[in-house]
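Reviewing the structure listed below.
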Amino acid sequence: MRLAELEIFTVAPPDPGMGGRYWIFPRLTTTCGIVGYGECYASTVGPVAMRAVIEDVFARYFEGENPENVERMFRRTYSSGFTQRPDPTVMGAFSGLEIACWDILGKARERPVWALMGGRMNERVRAYTYLYPLAHHDSADFWISPEMAAEAAAAKVEEGWTALKFDPAGPYTMRGGHMPAMSDVTRSVAFCKAIREAVGDRADLLFGTHGQFTPGGAIRLGQALEPYSPLWFEEPTPPDNHAAMAEVARAVRIPVATGERLTTKAEFTQVLRAGAATILQPALGRAGGLWEGKKIATLAEGFGAQIAPHLYAGPVEWAANIHLGVTCPNLLLVETIETEFHAALIGATIKVEEGFIAAPSGPGLGIAFNEDLARAHPCDRAGLHLEMQDDPCDWQNGNAFAGGSPE
């Protein structure tokens, strides 16, 4: 069995505020006709450039190779170009191709991917969701309204969700860490208070930030949130400075989570050694794929840390996250984005039921990728998958920020 053909689907989801402006799905076919699908979490370059990177990585390191040789393909991709260090763009290309290999291997053996990676530790995995506006909410006002957030949180808890993420702390910018505006601190506290009062102890609160603060600013904010006992304080400082994040982790009595922008076990090892976080959030479409994700989870287990695979992408990466989660004794949560488009792209084969996802039973990733739907939504957007804003924090007029790829 050898890898023979590559096709790439670059898809523009109808709602770019729920998963990004574009999704990239590589499709691999073997010489014996088995097809596998993966997903690249690529927010560093545009889709045309990323397509060229994926094609180059495939031609150099995957084409003609046995898809079983995941470790060999990883080492060649990681090192052969005289890099031998984490590269988010190249490893993003590798990750999507690697996930597709596991889909092929599972189909060849008529077993789910989790069965090939240590077996089923968890019968089901616990999911979490971002809070999004309800149908009657004004979408612009929602992101700065504690009352609307609390209403959305209560609705999600009634559906069975036990963990809810929200991000009211102001802009994440290309300028690096800043001191939060006092109005951002006040709003963040109001969000936590309103949501906690709405859901009580029926759900964990996941406080999202995106590397926008200095250590001092993150500590001020985190200490203000402590009375509401969030489950985590996500990426409070820029992800390239583990010592700074460790300073926050020591000063704030909320577990720090990080990992969306990190790639390979090398970077996650540095986080663990520094004591920067006790919850790791690898995005499998960037971090190195399923096998590297399993290594990251095992490293975390040795440090007493937990895994919460990140998702701001399409449903193929989500499926991979679930298979990894099924195998991990130190799984905490998997992020989930529910839209009709997400579900339709994989044939609605994997579902959230009352806040949990049963271990997939189908071969490979257990999905039915809808190629016709993917081709019907080609990417025609100029922006990156995610973008940091140029403008600094507004300390005078307040901040309202709906994310890096708003509607």
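Numbers below:
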quantity: Residue match in region 297-309 (condition: open to solvent by less than 10 Å² (accessible area, probe 1.4 Å), in a helix (DSSP H, G or I) and closer than 27 Å to LYS107 by Cβ); calculated: yes
quantity: Matching residues in region 310-324 - criterion: being open to solvent by 10 Å² or more (accessible area, probe 1.4 Å) and either small (Gly, Ala, Ser) or more than 23 Å from VAL90 (Cα to Cα) (or both); calculated: none
quantity: All positions within region 217-266 that are of a type in the set (D, E, K, R) and outside any strand (DSSP E or B); calculated: ARG220, GLU226, GLU235, ASP240, GLU247, ARG250, ARG253, GLU260, ARG261, LYS265
quantity: Single unsatisfied condition, ALA374 versus (1) part of a loop (DSSP other than H, G, I, E, B); (2) modelled with pLDDT of 95 or more; (3) closer than 22 Å to TYR22 by Cβ; calculated: (1)
quantity: Listing of helices (runs of 4 or more DSSP H) fully contained in region 69-152 that carry 3 or more residues being touching a His at 6+ places or on another chain (Cβ under 8 Å) and basic (Lys, Arg); calculated: none
quantity: Pairs where the first residue, in region 137-163, is more than 11 Å from ILE195 (Cβ to Cβ) and the second is part of a helix (DSSP H, G or I) and open to solvent by 60 Å² or more (accessible area, probe 1.4 Å), C-beta under 8 Å, 6+ apart; calculated: HIS137/GLU151
quantity: Unmet criterion (only one of (1) of a type outside the set (A, V, I, L, M, F, W, C); (2) surrounded by fewer than 15 Cβ atoms within 10 Å (Cβ to Cβ); (3) in contact with a Pro (Cβ under 7 Å, 6 or more places away or on another chain)) for HIS342; calculated: (2)
quantity: Of all residues in region 258-273 being buried (at least 20 other Cβ atoms within 10 Å of the Cβ) and of a type in the set (D, E, K, R), the one that is nearest to VAL45 (Cα to Cα); calculated: ARG261
quantity: Every residue from region 115-133 that is open to solvent by 20 Å² or more (accessible area, probe 1.4 Å) and in contact (Cβ under 8 Å) with a residue 60 or more places away in the chain; calculated: GLY118, ARG120, MET121, ASN122, GLU123, ARG124, ARG126, TYR130, TYR132
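The values are calculated or read from the model by the stated rules, or taken from the named source; none is laboratory data. Keep in mind that what you see is a predicted model, and the values were worked out from it rather than measured. Neighbour counts are summed over all protein chains in view; Cβ atoms, including those assigned to glycine, are modelled from backbone coordinates with ideal geometry. Areas reflect the complete protein model, heavy atoms only, side chains present, ligands, DNA and RNA absent. Shrake-Rupley method; radii C 1.70, N 1.55, O 1.52, S 1.80 Å.
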